[in-house]
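Have a look at the structure below, then the notes.
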Amino acid sequence: MGFTHFDENGKAVMVDVTEKDNTVREASAEGKILVSRDVFQAVRSGSIEKGDVLGVAATAGIMGAKRTWEMIPMCHILPLTNCRVHFDMDENECSILCTCTVKVTGKTGVEMEALTGVSVALLTIYDMCKALDKTMELGEIRLVRKTGGKSGDVYNDRRRDREEKASRRREIDLM
């Protein structure tokens with residue numbers, strides 16, 4: 001399968017989905033932000049001056065997912081039927097993991113919407129906390145899974161594979 005966003009002359013185009021069937025499609029993406037211990041504690045305790053960081057970031061993530069078509073030129077306008085943004089805080093790593101799950105009944109998938117939702121939510125955390133720490137790092141943004149559509153279901157287990165390899169390396173180092 002080749003690239004779908006180019007015509008026969010190599011020019012960028014929006015994919016024509018006119019003849020595709022409407023199906024239920026869902027995608028989840030995740031990413032994380034590494035923060036200082038002070039930022040981590042302030043977010044957890046709710047003491048950031050700008051307000052409820054994770055509440056605002058969740059709202060921003062949903063808004064970003066809904067407006068993906070305005071930021072990514074070849075994305076279709078999709079009437080999302082559901083969008084959820086969830087956060088998990090890891091105190092040992094001083095990180096906040098964001099997961100965005102988006103659902104639609106339509107002719108094209110919602111992977112870009114899930115990825116955009118995660119990105120906007122993490123950027124919002126950065127924006128709300130930058131007065132305390134400008135060295136925060138956003139990363140590991142990836143599609144976790146997608147269901148529905150012509151290409152079927154996709155599950156991305158690369159992170160789990162990387163974590164298992166890192167764990168085995170630590171075990172070997174300890175021997």
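Considering every residue within the range 68-80, establish whether at least one is out of contact with any helix residue (DSSP H, G or I) (no Cβ under 9 Å at 6 or more places or on another chain) and without any contact (Cβ under 8 Å) to a residue 40 or more places away in the chain. Yes, the range 68-80 contains at least one residue that is out of contact with any helix residue (DSSP H, G or I) (no Cβ under 9 Å at 6 or more places or on another chain) and without any contact (Cβ under 8 Å) to a residue 40 or more places away in the chain.
Can you find a residue that is over 23 Å from Arg145 (Cβ atoms), acidic (Asp, Glu) and in contact (Cβ under 8 Å) with a residue 12 or more places away in the chain anywhere in the range 40-59? Within the range 40-59 (the criterion being over 23 Å from Arg145 (Cβ atoms), acidic (Asp, Glu) and in contact (Cβ under 8 Å) with a residue 12 or more places away in the chain), the answer is yes, since at least one residue qualifies.
Of all the criteria given as (1) part of a helix (DSSP H, G or I); (2) at pLDDT 95 or above; (3) under 30 Å from Ile48 (Cβ atoms), the one not satisfied by Glu163 is (2). For the range 81-140, filtered to residues that are hydroxyl-bearing (Ser, Thr, Tyr) and surrounded by 16 or more Cβ atoms within 10 Å (Cβ to Cβ), the residue that is modelled with the lowest pLDDT is Thr108. For the structure I just gave you, tell me whether Val104 is part of a strand (DSSP E or B), of a type in the set (A, V, I, L, M) and closer than 27 Å to Met14 by Cα. Yes; evaluated as a whole, the condition is true for this residue.
So that you can scan it fast, the table gives a plain yes or no per residue for (1) over 13 Å from Ala121 (Cβ atoms); (2) among the acidic types (Asp, Glu); (3) not in a strand (DSSP E or B):
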residue: Asn9; (1), (2), (3): yes, no, yes
residue: Asp16; (1), (2), (3): yes, yes, yes
residue: Val24; (1), (2), (3): yes, no, no
residue: Ala27; (1), (2), (3): yes, no, no
residue: Gly31; (1), (2), (3): no, no, no
residue: Asp38; (1), (2), (3): yes, yes, yes
residue: Lys50; (1), (2), (3): yes, no, yes
residue: Ala57; (1), (2), (3): no, no, yes
residue: Ala65; (1), (2), (3): no, no, yes
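All of (1) over 30 Å from Ser36 (Cβ atoms); (2) modelled with pLDDT of 95 or more hold for Met74 with one exception: (2).
Applying the set (1) in a strand (DSSP E or B); (2) at pLDDT below 75; (3) among the aliphatic types (A, V, I, L, M) to Met1 leaves exactly one unmet item: (1).
The values are calculated or read from the model by the stated rules, or taken from the named source; none is laboratory data. Quick caveat: nothing in here was measured; it's all calculated off a predicted structure. Cβ: placed from backbone, ideal geometry, glycine included. Neighbour counts: every protein chain shown.
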